[in-house]
Amino acid sequence: MMLRAVTVRTVFFCVLWWMLTGGSLYGWITGLITIGLAVALSVRLHPPGRVHIRVTGIPVFFIFFLVKSVKGGIQVAAMALRPRLNLHPDVLEIRLRLPHEPEQIFLASILNLLPGTLSAGLEGNRLQLHVLDSRMPMEQEVRNAEAHVACLFGTELQ
């Protein structure tokens, strides 16, 4: 069980590192050290058996995250290039439907990596999310991300 957990987490962190570095090969020396530390820390904080990531869900989640990152980056760039910045920043409070704390923390962390959003707090099942423009359908975006996280972890939304 430990070997499977370490393997899955190593693959996950490798894919995450690859995404964060844009596929560059130059950062892999630092990446391997970082990935090793992240795997060790994740095993220490969440021993195998408590959190299950479905290996088959990783490619689907990866594609979802990649598409959302590119789309979000284009939206933020378009906002920044407008002659007049017409933003309506706000902090939204969204009740999460993910049942377990590790999944909620993962969702909050993923939302931090998407352009235009920043997780400002997580208390119980309530997420405070800072957004650049409150007129955008952010709750729908969070629900979509939440569904993908639930699929990745193999859990049902409440």
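Every number here is computed from the coordinates shown, using simple stated rules; none is lab data. Computed from a predicted structure; not experimentally measured. Virtual Cβ from ideal backbone geometry, glycine too; neighbours counted across all protein chains shown.
Which value at 222 nm does the chain reach when only helices count, each DSSP H run of 4 or more adding -39,500 (n - 2.57), with the total divided by all residues and rounded to the nearest 500 deg cm²/dmol?
Calculated at 222 nm, the ellipticity per residue is -19500 deg cm²/dmol.
In sequence order, what are the phi-derived ³J(HN,Hα) couplings for the stretch 121-133 according to the Karplus relation 6.51 cos²θ - 1.76 cosθ + 1.60 with θ = phi - 60°, rounded to whole Hz, with x for glycine and proline?
Each residue's phi maps through the Karplus curve to give x, 9, 10, x, 9, 9, 10, 9, 10, 7, 10, 6, 9 Hz.
May I ask for the distance between the Cα centers of the stretch 111-158 and the stretch 1-50, given as a whole number of Å?
Their Cα centres are 23 Å away from one another.
Hey, what did the chain get for relative contact order, percent, Cα under 8 Å, at least 6 apart?
The normalised contact order for the chain reaches 25 percent.
Along Cα→Cβ, 7 Å out, is where each label goes; now give me the distance between the ones at residue 62 and residue 19 in nm to one decimal.
It is 1.0 nm.
Can you give me the span-like helices of the chain, meaning DSSP H runs with 27 Å or more of Cα extent along the axis and Kyte-Doolittle mean at or above -0.5?
57-81
When only alpha-carbon atoms are used, what values of Rg and Dmax, in angstrom, describe the stretch 42-126?
16.0, 53
Could you tell me which label, among [x] 9.3; [y] 10.0; [z] 12.2, carries the value of mean projected area of the Cα convex hull in nm² calculated for this structure?
Of the listed options [x] 9.3; [y] 10.0; [z] 12.2, [y] comes from this structure.
List residues of the stretch 29-61, by number, whose backbone nitrogen lies under 14 Å from a label position 7 Å along Cα→C-beta of residue 10.
32-41, 43
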